[in-house]
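**Student:** This structure is in structure tokens; I'll ask about it shortly.
The values are calculated or read from the model by the stated rules, or taken from the named source; none is laboratory data. Note that the structure is predicted; figures quoted are calculated from it, not measured. Ideal geometry is used to build each Cβ from the backbone, glycine not excepted, and the neighbour counts take in all protein chains shown.
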Amino acid sequence: MIFNAVLIYFMFIKFIISLQITDNDSSYFIKIKANEFLTELNSIKLNKNREESFDICNKNNILMEPQTFQNNNFIFNYSLLDSDEKQLVELAKFIEERFSISYDNFLDDCFLQYEWKSILYCLFKDKKLTPEYLYSLNEYNRWLVNNGLSYLKIEVYNFTDLSNITYDLDKYKGPDNLFFKLLQKVHELRNIMHEYNKTGKALNICLTDNEIYLTDNEIYLTDNEMYLTGKEIGKIYGYFYGCFLLFRNLLEKEMEPCHDDYPFDNFKRKIQECKCNSCKKYKPLNAYLFHLRNLFDIPPQYFDNYLYFNDIKYKYKVCENINNKFFGLLNEFKEIVSN
């Protein structure tokens, strides 16, 4: 199926705002942006975050020297001894290399939108309705005719044709029907897709155009009279936070799950409390993820941007939740496709 792991996570890449650079300058440019991002954050909180991370490592016998996580072809090198800037740069470079996409075209034009007919075609191609669904379709149409609803009759020959019809699911009150259940699933999938597209547009606008939370349009950052607008700060924040979400989701697929069912994101408790073999093995990686995630919870030095950052994080979270529902529902179509 086209909806593989790469496509699942590609939407997160499309959250990331591009800034025009050449491929040769990519590493240097990312380093500059990482520095600008960290400069924007509260320096006292940054130091406290590093102290807390070191304290957790010391109390839980976690080595902070360079580590490597490897699972088949997934290889990631990391170290808590690296500066925050280097950790962000290495994270972004890993995402670039993993997806063979350079920084300047992460979000080349606009947020990735899903088109309804394309989704069904990716799922079903030209697959015709099976005899079971054809029989159920005839039964469904017969009930509609017998109950004065002949105008709602449906004529389809393959599954992708369902993208071309409109129907009122509330009208059908008949017995259990296989085709009607398919209509319900298709309807739910379409609604989730529209919800995702709508939220994705809102996030794109938030990262590219929205300066509603900024009282000062420009913020002084360096001794060289370099100014960043609120929109530019949002781009940088959204870029690195998007990289982190993408990286976290990739790792969740690659890491052995906690045997005691601690949530994947509960890095601190998995370090301090869980005794399962998986969490013992991944203590250094969980400490790294705990430290990295906390960078995005540190308030900026300029309060004007606090709500702006939170709004970006909120929209990411909404998109991620919709994404999980979206692809969870796609998995329910696998049995239909395989039959």
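**Student:** Residues that are modelled with pLDDT of 85 or more and buried (at least 17 other Cβ atoms within 10 Å of the Cβ): does the range 107-115 have at least one? Steps first, answer last, please.
**Tutor:** Within the range 107-115, the first condition is being modelled with pLDDT of 85 or more, and the residues that meet it are none.
For the range 107-115, residues modelled with pLDDT of 85 or more and buried (at least 17 other Cβ atoms within 10 Å of the Cβ): absent.
**Student:** Considering only the range 73-96, state which residues are loosely packed, with under 12 Cβ neighbours inside 10 Å and in contact (Cβ under 8 Å) with a residue 60 or more places away in the chain.
**Tutor:** If the condition is that a residue be loosely packed, with under 12 Cβ neighbours inside 10 Å and in contact (Cβ under 8 Å) with a residue 60 or more places away in the chain, then no residue fits.
**Student:** Taking the range 267-278 as the region of interest, how many residues are part of a helix (DSSP H, G or I) and over 24 Å from the mean Cα position of the chain (by Cα)?
**Tutor:** Within the range 267-278, the first condition is being part of a helix (DSSP H, G or I), and the residues that meet it are 267-272, 277-278.
Still in the list and also over 24 Å from the mean Cα position of the chain (by Cα): 271-272, 277-278.
Total meeting the criteria: 4.
**Student:** State yes or no: is Lys185 modelled with pLDDT of 80 or more, basic (Lys, Arg) and exposed (fewer than 13 other Cβ atoms within 10 Å of the Cβ)?
**Tutor:** Working: modelled with pLDDT of 80 or more: yes; basic (Lys, Arg): yes; exposed (fewer than 13 other Cβ atoms within 10 Å of the Cβ): no.
So Lys185 fails the test.
**Student:** Then there's this: Collect the residues in the range 38-71 that are outside any helix (DSSP H, G or I) and exposed (fewer than 13 other Cβ atoms within 10 Å of the Cβ), keeping them in residue-number order. Step through it out loud before you land on a result.
**Tutor:** So in the range 38-71, the residues outside any helix (DSSP H, G or I) come out as 41-42, 60-71.
Once the filter is applied, which keeps residues that are outside any helix (DSSP H, G or I) and exposed (fewer than 13 other Cβ atoms within 10 Å of the Cβ), the range 38-71 yields Asn61, Glu65, Pro66, Thr68, Gln70, Asn71.
**Student:** Scanning for something among the polar types (S, T, N, Q), closer than 22 Å to Ile75 by Cα, out of contact with any strand residue (DSSP E or B) (no Cβ under 7 Å at 6 or more places or on another chain) and surrounded by 17 or more Cβ atoms within 10 Å (Cβ to Cβ), does the range 267-277 turn up at least one residue?
**Tutor:** Step one: filter the range 267-277 for residues among the polar types (S, T, N, Q), giving 272, 277.
After this cut, where a residue has to be closer than 22 Å to Ile75 by Cα as well, the list is 277.
Subsequent filtering for residues that are out of contact with any strand residue (DSSP E or B) (no Cβ under 7 Å at 6 or more places or on another chain) retains 277.
Next, only the ones that are surrounded by 17 or more Cβ atoms within 10 Å (Cβ to Cβ) stay: none.
No, the range 267-277 contains no residue that is among the polar types (S, T, N, Q), closer than 22 Å to Ile75 by Cα, out of contact with any strand residue (DSSP E or B) (no Cβ under 7 Å at 6 or more places or on another chain) and surrounded by 17 or more Cβ atoms within 10 Å (Cβ to Cβ).
**Student:** Follow-up question, since we're still on this one. Of the conditions (1) at pLDDT 75 or above; (2) among the acidic types (Asp, Glu); (3) more than 24 Å from the chain's Cα centre (by Cα), Glu252 satisfies every one except a single condition; which number is it?
**Tutor:** With respect to (1) at pLDDT 75 or above; (2) among the acidic types (Asp, Glu); (3) more than 24 Å from the chain's Cα centre (by Cα), Glu252 is out only on (3).
**Student:** Would you check if Lys125 is farther than 23 Å from Ile192 by Cβ and either surrounded by 11 or more Cβ atoms within 10 Å (Cβ to Cβ) or at pLDDT below 90 (or both)? Give the steps one after another, and end with the answer.
**Tutor:** Values: farther than 23 Å from Ile192 by Cβ: no; either surrounded by 11 or more Cβ atoms within 10 Å (Cβ to Cβ) or at pLDDT below 90 (or both): yes.
So Lys125 fails the test.
**Student:** Continuing with this model, one more query. May I ask you to list pairs of residues, at least six apart or on different chains, whose Cβ atoms are under 6 Å apart, with the first in the range 130-153 being of a type in the set (Phe, Trp, Tyr) and the second being surrounded by 12 or more Cβ atoms within 10 Å (Cβ to Cβ)?
**Tutor:** Tyr133/Phe179; Tyr140/Asn177; Tyr140/Phe179; Tyr140/Phe180; Trp143/Gly174
**Student:** What tally of residues in the range 156-172 results from selecting those that are under 12 Å from Tyr133 (Cβ atoms) and free of Cβ contacts under 8 Å to residues at least 12 places away in the same chain?
**Tutor:** To start, the set of residues in the range 156-172 that are under 12 Å from Tyr133 (Cβ atoms) comprises 156-159, 161-162.
Retained after the next criterion (residues that are free of Cβ contacts under 8 Å to residues at least 12 places away in the same chain): 161.
Residues in the range 156-172 being under 12 Å from Tyr133 (Cβ atoms) and free of Cβ contacts under 8 Å to residues at least 12 places away in the same chain: 1 in total.
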